[in-house]
Amino acid sequence: MENKKLPVGIENFAEIRREDFYYIDKTGLIRDLLRDWGKVNLFTRPRRFGKSLNMSMLKCFFETGTDASLFEGLAIAREKDLCEEYLGKYPVISLTLKGVDGLNFEAAYHALRAALRGEVARLRFLLESAAVSEADKQPLERFLHEQDTREDVLDSLKTLCALLHQHHGQKVILLIDEYDVPLDKAFLHGYYPEMVSLLRGLLGNALKTNDFLQFAVLTGCLRVSKESIFTGLNNLEVNSVLDARYDEHFGFTDAEVRKLLADYGLSSHYAETRDWYDGYRFGNAEMYCPWDVINYAKKLLAEPNAHPQDYWINTSGNDMVRRFVDKADRSTQKEIERLIAGEAIEKRLRLELTYGELEESIENLWSVLFTTGYLTQAGEVERNVYRLVIPNREVREVFVLQIQEWFKKAVVGDAKPMRALHEAFARGDAEGVRQGLNAIMGKMISILDAKAPDAQKENFYHGLLLGLLRAEPAWSIQSNVESGEGFCDILVELDDPDAGLVIEVKYASSLDALEAASARALAQIKEKRYDERLRGEGREDILAYGIAFCKKRCKVACQRL
């Protein structure tokens, strides 16, 4: 039987089901949501973990006139009583705020009006309803003609609830996806207070004392403090990445990933899939990022020898990391070095923050990195204090790259020693390279704790070296690239079209072992013929470097191949 298509970037549940895309069944969320029953439910998860698809699924299940066949064969279909009572029985308002962005408040306000206008247009049958008075229809008319007032905007969701109730004689289910995106953009661009005031009015009117509301579901990355936009809302139930309820409904479990890979004949790629994309802990569940898994599986189907890539990281900017790093002091840098080395750090988490509070303390930003998926927890030490770790190899790359930025700012700014280091590399001066690297490490890095696995320490030095080499703009640097009979740590195309460097990095457990480790690295280059890729590009003047690191020292072996 032919495999189903893999749904990269498709967040419409009906499209996935009708067009026969592969779907990992998350309809158990419907069952648990109805059985737990909260009036206003907020789910916070990192981006690209299936929040929007789940919201589309909820809309398809509850909305009046839905196509019940969409749920045939899924877990919720076995809940006969729930389906009888809820399937296709409620009017639904579905709004996403992910596009509410702008360089200033006026632009963002315009984007919010456009998002609301889209939902008004979808529900425009209310304008033809005999059950709705002409006076009550006027705000909808103003929206459709782009003549809406600020009062219309603030009352819009509650107004739609009232009119849908008049038309259907049934209370309304309200779905708001990515509720915190406007706040994040407002904080970034400097109009946060105005956006807080706007959303407080919009959501407050819809979620408080709304007699026409059956229940509401909101999703986002960050749990914004009740004192910010949820002021006075006493019926809010928050489910974060720390909660065990719903822990398997966002993201893929290990069993689900194993089955997906098996269904497509990709089981042999399980180990690297787990290494790169697993590691998130939601409640009691270990979860994979679904965006990564689906993208990698689809890539493998087209290119069986493809290697894992940074799919999740590359879907948007890393503003949170940048904010964090900009405030980092030397102590924070040492903590990130420990994380890169595979260690855990212990931090008190605050999951209910306003964006304004992020600037008050560097400690608050650990909480943001946790809630947005750059860190995950490996156990609670005491109340609200958790052991934080980098979840997987993909996210680790972000931190390695940022470490490189620190080195560029602090070391590359001093042009003379950097020029000397690059010149030593280009002419095959092993002693010059050793002295240059030792001087830089002596100034810039802490001694990584011996408890970290040696392989992960090697990764740290690999990243350090990449950052220093990339400071030479005329050189083309490739990392972990396939060449010869394996994967070379670093290949460098020098500005001389005939010349290149092949570099293999090792970690030595002691200073006495440095020389042997560097010799072993050099021998590996020759044995695996790592120079073949450069030679295939016409480069014949190739220098091979075996570089071994231990604490703040290194040993360099060099040979012209």
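The values are calculated or read from the model by the stated rules, or taken from the named source; none is laboratory data. Everything quoted here is computed from the prediction, not taken from an experiment. Using ideal geometry, Cβ is built from the backbone for each residue, glycine included, and neighbour counts are taken over all protein chains shown. Side chains included, ligands, DNA and RNA excluded: accessible areas come from the protein's heavy atoms. Shrake-Rupley method; radii C 1.70, N 1.55, O 1.52, S 1.80 Å.
Things to note:
- Residue within the stretch 25-38 that is open to solvent by 40 Å² or more (accessible area, probe 1.4 Å) and over 25 Å from residue 244 (Cα atoms) present: no
Quick grid of which residues meet (1) of a type outside the set (D, E, K, R); (2) at pLDDT 75 or above; (3) touching a strand residue (DSSP E or B) at 6+ places or on another chain (Cβ under 7 Å):
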{"residue": "402", "(1), (2), (3)": "yes, no, no"}
{"residue": "419", "(1), (2), (3)": "no, yes, no"}
{"residue": "434", "(1), (2), (3)": "no, yes, yes"}
{"residue": "440", "(1), (2), (3)": "yes, yes, no"}
{"residue": "445", "(1), (2), (3)": "yes, no, no"}
{"residue": "450", "(1), (2), (3)": "yes, no, no"}
{"residue": "471", "(1), (2), (3)": "yes, yes, no"}
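- Residues that are in a loop (DSSP other than H, G, I, E, B) and modelled with pLDDT of 95 or more, drawn from the stretch 82-99: 87, 88, 89, 91, 97
- Single residue of 79, 106 found to be more than 27 Å from the chain's Cα centre (by Cα), of a type in the set (Asp, Glu) and either modelled with pLDDT under 95 or farther than 30 Å from residue 152 by Cα (or both): 79
Yes or no, residue by residue, for (1) within 17 Å of residue 465 (Cα to Cα); (2) surrounded by fewer than 16 Cβ atoms within 10 Å (Cβ to Cβ):
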position	(1), (2)
511	no, yes
520	no, no
534	no, no
537	no, yes
545	yes, no
548	yes, no
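- The stretch 261-277, residues that are open to solvent by less than 10 Å² (accessible area, probe 1.4 Å) and either within 22 Å of residue 52 (Cβ to Cβ) or basic (Lys, Arg) (or both): 277
- All of 305, 314 fail the test of being surrounded by fewer than 17 Cβ atoms within 10 Å (Cβ to Cβ) and either assigned to a loop (DSSP other than H, G, I, E, B) or modelled with pLDDT of 95 or more (or both), apart from 305.
- Selection from the stretch 41-69 of residues that are more than 28 Å from the chain's Cα centre (by Cα) and surrounded by fewer than 21 Cβ atoms within 10 Å (Cβ to Cβ): 63, 64, 65, 66, 67, 68, 69
- Number of positions in the stretch 76-99 that are open to solvent by less than 20 Å² (accessible area, probe 1.4 Å) and over 30 Å from residue 117 (Cβ atoms): 1
- Cβ-Cβ distances below 7 Å connect the following pairs, each with a first residue in the stretch 281-292 that is touching a residue at least 40 places away in the same chain (Cβ under 8 Å) and part of a helix (DSSP H, G or I), a second residue that is buried (at least 24 other Cβ atoms within 10 Å of the Cβ) and hydroxyl-bearing (Ser, Thr, Tyr), and a separation of six or more residues or different chains: 292/277.
- Matching residues, the stretch 490-509, being closer than 15 Å to residue 556 by Cα and without any contact (Cβ under 8 Å) to a residue 60 or more places away in the chain: 490, 502, 503, 504, 505, 506, 507, 508
- Checked against the criterion of being modelled with pLDDT of 95 or more, within 19 Å of residue 351 (Cα to Cα) and not charged (D, E, K, R), the candidates 196, 217, 238 yield just one match: 217.
- Condition met for residue 347 (open to solvent by 40 Å² or more (accessible area, probe 1.4 Å) and either modelled with pLDDT of 85 or more or not in a helix (DSSP H, G or I) (or both)): no
- Within the stretch 108-126, being touching a helix residue (DSSP H, G or I) at 6+ places or on another chain (Cβ under 9 Å) and either within 21 Å of residue 184 (Cβ to Cβ) or open to solvent by 30 Å² or more (accessible area, probe 1.4 Å) (or both) holds for 108, 109, 111, 112, 113, 116, 117, 121, 124, 125.
- Some residue of the stretch 152-173 being over 18 Å from residue 212 (Cβ atoms) and touching a residue at least 12 places away in the same chain (Cβ under 8 Å): yes
- One residue from 170, 166 being modelled with pLDDT of 95 or more, part of a helix (DSSP H, G or I), of a type in the set (S, T, N, Q) and farther than 22 Å from residue 51 by Cβ: 166
- Residue list for the stretch 478-509, filter: over 13 Å from residue 426 (Cα atoms), open to solvent by 30 Å² or more (accessible area, probe 1.4 Å) and assigned to a strand (DSSP E or B): 478, 479, 480, 482, 487, 506, 507
- Scanning the stretch 144-163 for residues that are part of a helix (DSSP H, G or I) and open to solvent by less than 60 Å² (accessible area, probe 1.4 Å) gives 144, 152, 153, 154, 155, 156, 157, 159, 160, 161, 162, 163.
- Out of 548, 521, 557, sole residue that is outside any helix (DSSP H, G or I) and under 35 Å from the mean Cα position of the chain (by Cα): 548
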